[in-house]
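*Asks:* Shown below is the structure under consideration.
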Amino acid sequence: MFFKKKIKFFLFGLLDNLKSRYEYYLTETCCARLQKVGKEVNIAPDAVISPYANFLLNHKSVMSIGAETQIRNYVSIKVRGELTIGRNVEIVYFSIIHCDKRIVIGDNCMIAESVSIRDHDHNYHLSDIPFVEQGFKRADVIIGNNVWIGAKSSVFKGVNIGDNVVIGANSVVVKDIPSDSVAVGAPARIIKKLE
């Protein structure tokens, strides 16, 4: 019985080791391939892009990912404009970043699971033309340094979020949030100033 447990433990350890080597290889391959796509794609050598992160780039895409940044599995990033992600940023599971114009995410940011960041929105002013045919409105999204965006929050076009900001879970950010603030709600409102 003792011997069986030791073999089982050894096999699981071996499988875990193979899995991490395979994921590391996928990450290296993913970064190398991404840098060959788009107009200008720069990924810091120590940035970690998990193998199941999803990127959609075209020949006009400009993307920069800073040092020590981690993009986890099942994150979806679509770039048809200019996306800049700073140093030491963590973007976790099921988050979506869709960049048609320009999105900047500063250094030391945390983006929790299922967050949506978009710099565009559908036009919907004419009732006699299908919404899908009315095109888009676009405006830059700027997220400062040391920003924590809570789970299931949405950040929409034209928003500027200052430095040292916390956005509470399930918030909808449609207006600028100044530095040193905590904002929550739909729409997000400032509930506290940080010292």
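*Asks:* Can you pull out the strands (runs of 3 or more DSSP E) entirely within region 105-173 that have at least 1 residues that are over 22 Å from Arg80 (Cα atoms)? Steps first, answer last, please.
*Replies:* Details: elements: 116-118, 120-122, 136-138, 141-143, 147-149, 165-167.
Those strands (runs of 3 or more DSSP E) span 147-149, 165-167.
*Asks:* If I filter region 56-66 down to residues being modelled with pLDDT under 95 and not in a strand (DSSP E or B), which single residue comes out as nearest to Pro45 (Cα to Cα)?
*Replies:* Only one residue fits best here, namely Ser61.
*Asks:* Also, quick follow-up: Among the listed residues Gly86, Gly66, Gly81, which satisfies the condition of being buried (at least 18 other Cβ atoms within 10 Å of the Cβ) and either within 25 Å of Ala186 (Cα to Cα) or in contact with a His (Cβ under 9 Å, 6 or more places away or on another chain) (or both)? Break it down stepwise before answering.
*Replies:* On the way: Gly86 fails: either within 25 Å of Ala186 (Cα to Cα) or in contact with a His (Cβ under 9 Å, 6 or more places away or on another chain) (or both); Gly66 fails: either within 25 Å of Ala186 (Cα to Cα) or in contact with a His (Cβ under 9 Å, 6 or more places away or on another chain) (or both).
Selected residue: Gly81, the only one of Gly86, Gly66, Gly81 that is buried (at least 18 other Cβ atoms within 10 Å of the Cβ) and either within 25 Å of Ala186 (Cα to Cα) or in contact with a His (Cβ under 9 Å, 6 or more places away or on another chain) (or both).
Quick grid of which residues meet (1) over 19 Å from Ile71 (Cβ atoms); (2) without any contact (Cβ under 8 Å) to a residue 24 or more places away in the chain; (3) buried (at least 19 other Cβ atoms within 10 Å of the Cβ):
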position: Val92; (1), (2), (3): no, yes, yes
position: Asp100; (1), (2), (3): yes, no, yes
position: Ile111; (1), (2), (3): no, no, yes
position: Phe156; (1), (2), (3): yes, no, no
position: Pro178; (1), (2), (3): yes, yes, no
position: Ser181; (1), (2), (3): yes, yes, yes
position: Pro187; (1), (2), (3): yes, yes, no
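*Asks:* I'd like the residue in region 167-176 that is surrounded by 20 or more Cβ atoms within 10 Å (Cβ to Cβ) and of a type in the set (Val, Ile, Thr) and, out of all such residues, is nearest to Ile142 (Cα to Cα).
*Replies:* Step one: list which residues in region 167-176 are surrounded by 20 or more Cβ atoms within 10 Å (Cβ to Cβ), which gives 167, 171, 173.
Remaining after also requiring of a type in the set (Val, Ile, Thr): 167, 173.
Working: Ile167: 14, Val173: 12 Å.
Going through the qualifying residues, I end up with Val173.
*Asks:* Please verify whether Ile167 is under 22 Å from Asp100 (Cβ atoms) and of a type outside the set (D, E, K, R), treating the condition exactly as stated. Let's see the steps before the verdict.
*Replies:* Details: under 22 Å from Asp100 (Cβ atoms): yes; of a type outside the set (D, E, K, R): yes.
Taking the combined requirement at face value, the residue satisfies it.
*Asks:* Among Arg80, Arg102, which is the only one that is over 10 Å from the mean Cα position of the chain (by Cα), closer than 18 Å to Val147 by Cβ and not aromatic (Phe, Trp, Tyr)?
*Replies:* On the way: Arg80 fails: closer than 18 Å to Val147 by Cβ.
Only one candidate passes the filter, namely Arg102.
*Asks:* Shifting gears a bit: Only one of (1) closer than 19 Å to Phe55 by Cα; (2) in contact with a helix residue (DSSP H, G or I) (Cβ under 9 Å, 6 or more places away or on another chain) is not met by Ile117, so which one is it?
*Replies:* Answer for Ile117: the failing condition is (2).
The values are calculated or read from the model by the stated rules, or taken from the named source; none is laboratory data. Everything quoted here is computed from the prediction, not taken from an experiment. Neighbour counts run over all protein chains shown; Cβ positions are idealised from the backbone, glycine included.
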